[in-house]
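Just so you know, all these numbers are worked out from the coordinates, no wet-lab data involved. Being a predicted model, the structure only gives us computed values, none of them experimental. As a convention, Cβ positions derive from the backbone with ideal geometry for all residues, glycine included, and neighbour counts pool all protein chains shown.
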Amino acid sequence: MDCEQFRLACKYGKQYIEHHIKGRLHPANHRNALSGRYAGGPVPWGYVVDYDRHSATYKRFLRYEPHATLVVHHVFERFAAMVRPSVMELTRVWEREGRAWPFFGPEVDERRKRVLGQALTRSDGANGYRFHYRQAQHILTNVAYLGWCVHRGEVAWDYERSAPLICHEALVGSDLFWWCYDLVAGERPPWAPPRVSAQTTYYRPHHSRRASPDEVWFLTPGRVRCVTHGSRYSASKEATGSVRLECPSYDRQTGETAYLCPVIAVAPVEAKLIDAFRAELRLDARDVAHLAQIAQRRQGQRAAATSLVQQELAKQRLLLERAKRRALQVDDDGMAAEFLDEARRARQRIRELEAQTAQADAKSAFGADALRQAERAETLSRRIWETFPDWPRAAQSRVLSLALNHAVIGPVHRHALGFYIQWQGGSVSRREMVRTLGQHVRWSADEEEAIRRYYDVLTWSALLAMLPFRSRESIETFARHRGIVRRRGRGVERVSTPPLVVSRSPIENAMRAYGFPLAASGEPHPAMAMSGLVSSRW
């Protein structure tokens, strides 16, 4: 009897969950959230919920000034002002400054205080709630600070404006928020606006807490890679105080190539990098025209037809995402096929609209305001070109880290290194660095065998003729390290004719794929230019 009652209770509970909770309550809560109202869950820092039923902002987020100021000035703006933005470093800054979230005042609803009092930790001085790493991540990636509302992966949409619905007051601007979002999250959701520039990634090297925040060993850490192993060059300081770049794969993969990865002093690499960056700042009339086109596109100075195209494009993108999502949710294969067909039609329409938009941008004339902004940018670029070498290293590091996409260093031949630099936007620079000492080349097995057999038999002239690529000093050093002894004395007779010549292939040009060696003009060799390796500026 009890078993039957238990089974009956489980059956009724399942029906209640499926028909009432999942069938009615969850969809109603979802519709409520997409209308801009609070649907439960954590409340973002800087906001409180209005629970007054007679208020026009009932169940909407309201700005809470004691916390909103901290969110704007000490989270977003502080993160953007860092030389190398890091969420963990932002948390440490709060700890060093003794900063915390102030306790809520009596005007805040008790439910908000009770939930936070159970979930959060108070600071050591009991002056508020502690700021930790997860909070920083959530704040820098929460679109609620733009005034948007997202529920179950879907954003509240304003179909009249063809844009996300503004549900409450925004705390930060769109440019600042998405700049921080791209650094923390990396990939934007499908309903987010597309990037207007290439994605910037940051390498965060270990930085001692004892070291000064302004101490910069290398201007672009993590952006320069070894061409042989693909590893990031790391900066290390010697006892003398000089800093050099080393490939971390030096000890693990010493047998892959006939030469060791070059160890480079920081000074010549930074000099070439600054020189290449300043060369990119020299703008001509074509560059100014391109900047004016970007300014005009951002200002939205387009014809009414172009505006309608943009609205249709946003609508088709939304239809595409909905069709793909519904095709994955339904169990019926026929309905799923219909949704996939709808997604294909929307994708085709998106391609046509994007082509129309690109064509309209190419034909549109520049407005006076857009051209004025481009000329102002050209003036600023010229000022940076003139004063950049005198900037503090921390400021230089921040600017170069924003401008540089990646760089590669590798040997061109024994006495030269190739430095390939790709900037954000696709522009490419190439520089060659002459080495004071030639690239060290490992001893081959044939050379070692010849030394062991003939080191004590041949004269020095014969030894040098047998090993034409080695000097007397290198031969003596190698023999001493291997324990090979050369007898001395007047009675020792040696042969003056070498029995063989040990040939050695020269150091291969590891930077050939990047357009090296360079011609006398500093541009890639004509053979490289013919192969299409030279990139355009834009």
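Computed from the C-beta positions of ARG480 and ILE294, the FRET efficiency with R₀ = 45 Å rounds to 0.10. Each label was represented as a point 7 Å from its Cα along the Cα-to-Cβ direction; for ALA170 and ALA513 these points are 4.2 nm apart.
If you average 1/r across every pair of different Cα atoms in the stretch 35-184 and take the reciprocal, what Kirkwood value do you get, in Å? Don't jump to the answer; show the numbers that get you there.
Details: mean 1/r = 0.0612 Å⁻¹.
With all distinct Cα pairs of the stretch 35-184 included, I get 16.4 Å.
In this structure the amide hydrogen of HIS413, modeled in the peptide plane, comes within under 5 Å of no amide hydrogen from residues 5 or more places off or on another chain.
Report the full-extension gain for the segment GLN5 to ASP331: residue separation times 0.36 nm, less the Cα-Cα distance, to one decimal in nm.
Working: separation 326, 0.36 × 326 = 117.36 nm, distance 3.28 nm.
Working it through step by step, the gained length comes to 114.1 nm.
Distant-in-sequence amide contacts of TYR47, defined by a placed amide H-H separation under 5 Å and a gap of 5 or more residues or a different chain, comprise TYR64. What does the charge count near ARG188 come to, summing +1 for each Lys or Arg and -1 for each Asp or Glu among other residues with Cβ under 11 Å from its Cβ? In short, -1. Protection proxy ranking, highest mean first, for peptides 314-325, 449-460: 314-325, 449-460, where packing is the per-residue count of other beta-carbon atoms within 10 Å, averaged. Would you mind getting me the FRET efficiency between LYS237 and HIS406? Use the beta-carbon distance for r and R0 = 22 Å, nearest 0.05. After rounding, the FRET efficiency stands at 0.40. Each peptide in 181-189, 218-226 receives the mean, over its residues, of other Cβ atoms within 10 Å, and ordering these scores from highest gives 218-226, 181-189.
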